[in-house]
1. Output wanted: per-residue J couplings in Hz (rounded whole) for segment 79-95, from phi through Karplus 6.51 cos²θ - 1.76 cosθ + 1.60, θ = phi - 60°, x for Gly and Pro.
2. Put +1 on the Cβ of each Lys and Arg and -1 on the Cβ of each Asp and Glu in the chain; which of Phe51, Leu26, Ala115 then has its Cα farthest toward the positive end of the dipole?
3. On the protein heavy atoms, probe 1.4 angstrom, tell me the percent of accessible surface of the chain carried by carbon and sulfur.
4. Quick check for me: using +1 on Lys/Arg Cβ and -1 on Asp/Glu Cβ, what's the dipole size of the chain about its Cα centre, in debye to the nearest 20?
5. Using modelled amide H (1.01 Å from N, peptide plane; none on Pro or chain starts), what sits under 5 Å from the amide H of Leu110, excluding residues fewer than 5 places away?
6. Under the Karplus relation 6.51 cos²θ - 1.76 cosθ + 1.60, θ = phi - 60°, what is the ordered set of whole-Hz ³J(HN,Hα) values for segment 56-64, x standing for Gly and Pro?
7. Can you give the translational diffusion coefficient of the chain in µm²/s, computed by Stokes-Einstein from the Kirkwood radius over Cα pairs at 4 °C and 1.567 mPa s?
8. Using θ = phi - 60° and the Karplus relation 6.51 cos²θ - 1.76 cosθ + 1.60, list the HN-Hα couplings for segment 41-47 in order, rounded to whole Hz, with x at every Gly or Pro.
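The values are calculated or read from the model by the stated rules, or taken from the named source; none is laboratory data. Computed from a predicted model, the values in this text were never measured in an experiment. Because the Cβ atoms are built from the backbone with ideal geometry, glycine has one as well, and the counts that use them run over all protein chains shown. The area values use the complete protein model at the heavy-atom level, side chains included, leaving out ligands, DNA and RNA. Shrake-Rupley method; radii C 1.70, N 1.55, O 1.52, S 1.80 Å.
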Amino acid sequence: MTTNGFAGFYLETRSYAETAAFWARLGFENVFETDHGSGQWAHPSGGPYVFISEQAEGELATHPIIDVADSAQIGTGFDYVRPFTPQHWNVTEAIVRDPDGRNVSLQAPLPAGEAAPDAEAHHAEKYGSH
């Protein structure tokens, strides 16, 4: 299996506004924001993006996001936390563990004919109606 390298980094925070301001001071620019304390930030010179997600409770997670061209071409021998599963942001994602137990997100385009879960329904279930 080959990948296209790092797509980005997923980063949870207690304060989206403070974390977004931190990355803005480092030169990253807002690409998009959701209405529930998350958003994607990219550097104008390129490189991986940072996806920031505010979490009120629990341990904060951070993991790399690796771009995979085709989920059907993934090799064997990975320790899967979750197999490739369609996500509401229009990709199929697998979570694997590295040798030290850290999570790594593998994201590939949705296979032909496969639909992503409805994003509005997902957000309504997770965050309630706005």
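1. 8, 7, 7, 8, x, 4, 9, x, 10, 5, 9, 6, 9, 10, 10, 10, 10
2. Value: Leu26.
3. Carbon and sulfur: 52 percent of the exposed surface of the chain.
4. For this selection, approximately 260 debye.
5. Thr92
6. Along segment 56-64, the couplings run 7, 9, x, 6, 7, 9, 9, 8, x Hz.
7. Details: Rh = 15.9 Å.
For these conditions, the coefficient is 82 µm²/s.
8. 10, 10, 8, x, 8, x, x
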